Every structure is written in C-alpha cells, then in structure tokens.
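Visitor: This is the structure, below, for whatever I ask next.
The values are calculated or read from the model by the stated rules, or taken from the named source; none is laboratory data. Keep in mind that what you see is a predicted model, and the values were worked out from it rather than measured. All Cβ positions, glycine included, derive from the backbone under ideal geometry; neighbour counts span all protein chains shown. Heads up: the accessible areas ignore ligands, DNA and RNA and are worked out on the full protein's heavy atoms, side chains in. Shrake-Rupley method; radii C 1.70, N 1.55, O 1.52, S 1.80 Å.
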Number of protein chains: 2
Amino acid sequence: MTISSDQPRRPERHYHYVDRGPAIYLDSFATIRREADLSRVPSSAEKVAVRMIHGSGQVDLVDDLVVHPELVAARAALQAGAPMLCDATMVVKGVTRTRLPADNEVLCMLNEPEVPGLAAAWGTTRTAAAVSLWEPHLEGRSSPSATPPPRSSTCWRCSSTAHRARRRSSRCPVGFIGAAESKQALEEFHAVHGIDIPFVTVRGRRGGSAMTSSALNALAQEQE
Amino acid sequence: MTISSDQPRRPERHYHYVDRGPAIYLDSFATIRREADLSRVPSSAEKVAVRMIHGSGQVDLVDDLVVHPELVAARAALQAGAPMLCDATMVVKGVTRTRLPADNEVLCMLNEPEVPGLAAAWGTTRTAAAVSLWEPHLEGRSSPSATPPPRSSTCWRCSSTAHRARRRSSRCPVGFIGAAESKQALEEFHAVHGIDIPFVTVRGRRGGSAMTSSALNALAQEQE
C-alpha cells in the first residue's frame, strides 16, 4: 500500500456527536435498552439481542428474534476452544478477534478450491456446497475423518447436513427468496427431526452478516 | 485448513425454495421491483436502490434512501480504474470482485499499523483515523504526495477530510449514536460547504456494510 509522505492530520471536527469508540458502544447499548422491549428475549440472551439490534440499527428487530433458551451454551463451547463456522466471509470479518475467549478459529469454507466444482456438480449454491465442508469440524457427527476430534460450531446460516451434528447456531440469512423459509425450518427443526439445536434467528426477510456477527460477538464474551 | 478424507456429500434437499445462486438473485430483484416504490429514486440509480434493498431484506428501505442525481457517475470512475475506498473490512468483503470493471483496488486502511496510534493521539475512532489515510487516493486534494496521480473514490462512510476532495460516496453507517447525524450532514454538505459530492445514503439508523457493499456492487456494473 502506498501512503503519502505527508503526515496524516486529525480530521477537523464539524459535528458534535460522540467520537470515542467505546463510548459509542455504551451509549448505543443504553439507547437500545431504553427503546427496545427486551422482555420477550430469554434473560440469558439479553446481551445477544442488544448487540443484534445494534448491528441492524433497528430496535423493532426484537419483534422478529427467536432465541433458543439454551443459546448461551455456545459461550462455554467457545471457552473450550470450539471454532466459529461461518457461511459468509463478511461474517468472519465482523467477528471481533479480541473478544474470542480462546483465540478461537473463525472459519469459512466459501473460498476453498473445491467449492465451485461441488456447487456446479450438485446444482446448488456455492454457500450450500461450502457448508458441506464443515463436517469434520462438527461435534457428534457419525462419519470418520482424518481431522482432530470434532468440535462444536457456533454459526451456520444455510441448509446443510445438520441432522448428524449437535451445534449452536446463529442463523440469520437476509433475503427475499428462501431466507424466511429456511429460518422457519430452523424453528421447526426440533419438532420435525427430534434434534434440539440451540439457535438464534430473525423471522422474515431481515438478517445478514452484520447482525449475525453481532450475535457471535455477544456470545464470545459476557462483557460488553 | 484440515479437510476430512471423506468425500463431501451433496446436502440432502429438505425444502423446496430455489437453490441456484443466479436464480435467487433474479427472483429476489423481481420481488423487490413488485413490492418497492422505486419511483422516488432517480431512474439512473434504480438498480442501486434494488440491490441495497436486497442487501437489507427490507423494501421500505426505499423510503429512507437519498440518492444524488449524479451518483452513477461513479461507474465511469470505476471503469477508468478508480479504487474503492472503504471504511470497514466487512464492506471490502462484500464487494464482488468479478463485477469490478477494471480489476479495481478495494482498499480499507483500518488495519494499517499506524491507525491505533493516530486514533489514540487524536481522541477519535479507529475508523475516523483510518479514513484520514485515504488522502493520497483522493482526486482533487490539495496536498502533494509521493503517490500516483490522485483518483476518485467511491465509498466513504465516516467523518473525514472531505473538504479538499471531489469524490463519489456511498455512505450508510448503521447505528444509534452519530450515524443518523453524520448522514444528515452528508445531505447538507453541498448547501453548507459549497462542494457537490455525488452520494447515496440511508436516512436514520439503518445502514451498514451489507447495504453499502450492495450499492458498490450495483455501481460496479450495470448488468444485474
């Protein structure tokens, strides 16, 4: 990267809003707690909801949040060294590394070289193909592999081989085609398949990498 | 990355929504055009609005969109090789490289080694400090530098040294503290400072990396 030989200068102040990063977070969280009805979220997940609202800029996001009562079990998994498995590189970038309790891996398979070929062969999205590569990292899977002992994941957002794995999940795809349906399926997963996967999701079309990584950052540690 | 020696398997189909990537885009855009009132957006920027709605999952985003009539001039700048300057690494990740018309650079200074020190010395956010390092890449700046001839940028979201630069701007910070005010300031920039910077922004608290990179992807090329 080429940088000017000029010394960079402090930007002039033209406006009077708060410009210190930590203060912005705290002021934002206080505003959210004043305005959002957080009573409908499990109390153990209140901070997860606050951060997701923060990432979306919308206090009414809480109306569409669905939070499994055991969601925060993901925190113990992370403390024990579990990786975060993400379906989008933007989510990976949104995870604040300094919040991770065990210098956890934050993985996304989307750019693995075999992904385009698998997606073409299977007639599916690159994301769905990439998620199929999570298998060795999942706890409770049935197939043998050459990988280290399987561990639990904390994020998935797309259709996948979920039946064979226990995991914690923050699953919030945004979109107009299939997104709402896929999240509905997640809500019904326990009833339909008999496997209870802790999750957080956002009903309807809203979702995306910002609120997903916000949820992961809240799960990574208790401290705001 | 350790990958299982097992062959990955195509995920089983449990649901019947569209699972081909390009088809999902086209179906989504058609849904948006049915549901959103795009008449209030300059016709040259209709595709920008559609993609931003797509990135947000909300057709009512159009109510808060403010689009400068000359926004799409950014497309010519990109075709001429201008870099994209982004304030967030999530935005960088959200830009689809295959859409860039001139293999354009997509730059973010946030992880430059001097940024934490500048932010501390100036008592400002890391993002604001990082944006001060854009200077050598901006067209119309007044200070000399050792860099190649200055070029125009297409994305900025934070307070910066905007007075000395002509640029195109997609500026959509999300948030509860300062975000709405900073976007209001952008709208008033021409009236207050006499400098006319083409921009797109989202009034209020909504915003963020997904809709910003969506705007950039729409500006990168006309084809959907």
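Visitor: Can you confirm whether region A:79-90 contains a residue that is open to solvent by less than 20 Å² (accessible area, probe 1.4 Å), within 14 Å of chain B (Cβ to nearest Cβ), at pLDDT 95 or above and not in a helix (DSSP H, G or I)?
Guide: No, there is no match, as no residue in region A:79-90 is open to solvent by less than 20 Å² (accessible area, probe 1.4 Å), within 14 Å of chain B (Cβ to nearest Cβ), at pLDDT 95 or above and not in a helix (DSSP H, G or I).
Visitor: Select from region A:57-71 the residues that are part of a helix (DSSP H, G or I), β-branched (Val, Ile, Thr) and open to solvent by less than 30 Å² (accessible area, probe 1.4 Å) and list them in ascending order. So that I can check it myself, show each step before the final result.
Guide: Step one: list which residues in region A:57-71 are part of a helix (DSSP H, G or I), which gives A:59-64.
With β-branched (Val, Ile, Thr) added as a condition, the list becomes A:59, A:62.
Result: A:VAL62, single match.
Visitor: Here is a list: B:ARG99, B:ARG203, B:ARG151, B:ARG166. Which entry is at pLDDT below 65, basic (Lys, Arg) and touching a helix residue (DSSP H, G or I) at 6+ places or on another chain (Cβ under 7 Å)?
Guide: Only one candidate passes the filter, namely B:ARG151.
Visitor: Here is a check on your reading of the model: is B:ILE3 in a helix (DSSP H, G or I), open to solvent by 20 Å² or more (accessible area, probe 1.4 Å) and modelled with pLDDT under 90?
Guide: Criteria not met by B:ILE3.
Visitor: What residue, among those in region B:36-56 that are crowded, with 18+ Cβ neighbours inside 10 Å and away from every other protein chain (no Cβ under 11 Å), is farthest from B:ALA215 (Cα to Cα)?
Guide: Of the residues in region B:36-56, the ones crowded, with 18+ Cβ neighbours inside 10 Å are B:36, B:38, B:41, B:45, B:47-56.
Narrowing the set further to residues that are away from every other protein chain (no Cβ under 11 Å) leaves B:38, B:41, B:45, B:47-49, B:51-52.
Values: B:LEU38: 15, B:VAL41: 13, B:ALA45: 10, B:LYS47: 9, B:VAL48: 5, B:ALA49: 7, B:ARG51: 6, B:MET52: 6 Å.
Among those that are crowded, with 18+ Cβ neighbours inside 10 Å and away from every other protein chain (no Cβ under 11 Å), it is B:LEU38.
Visitor: Next question, about the same structure. Report the residue count in region A:112-146 for those that are modelled with pLDDT under 80 and of a type outside the set (Lys, Arg).
Guide: Residues of region A:112-146 modelled with pLDDT under 80: A:138-146.
Now restrict to residues that are of a type outside the set (Lys, Arg): A:138-140, A:142-146.
Residues that pass the stated criteria total 8.
Visitor: Mind checking which residues of region B:179-201 are over 18 Å from A:SER214 (Cβ atoms), open to solvent by less than 20 Å² (accessible area, probe 1.4 Å) and facing chain A (nearest Cβ under 9 Å)?
Guide: Correct list: B:SER182, B:ALA185.
Visitor: Listed residues B:GLU112, B:GLU105; which is under 25 Å from A:ALA210 (Cα atoms), among the acidic types (Asp, Glu) and out of contact with any helix residue (DSSP H, G or I) (no Cβ under 8 Å at 6 or more places or on another chain)?
Guide: B:GLU105
Visitor: Keeping to region A:94-136, report how many residues are at the interface with chain B (Cβ under 10 Å from one of its Cβ atoms), assigned to a helix (DSSP H, G or I) and without any contact (Cβ under 8 Å) to a residue 12 or more places away in the chain.
Guide: Going through region A:94-136 one residue at a time, the tally reaches 3.
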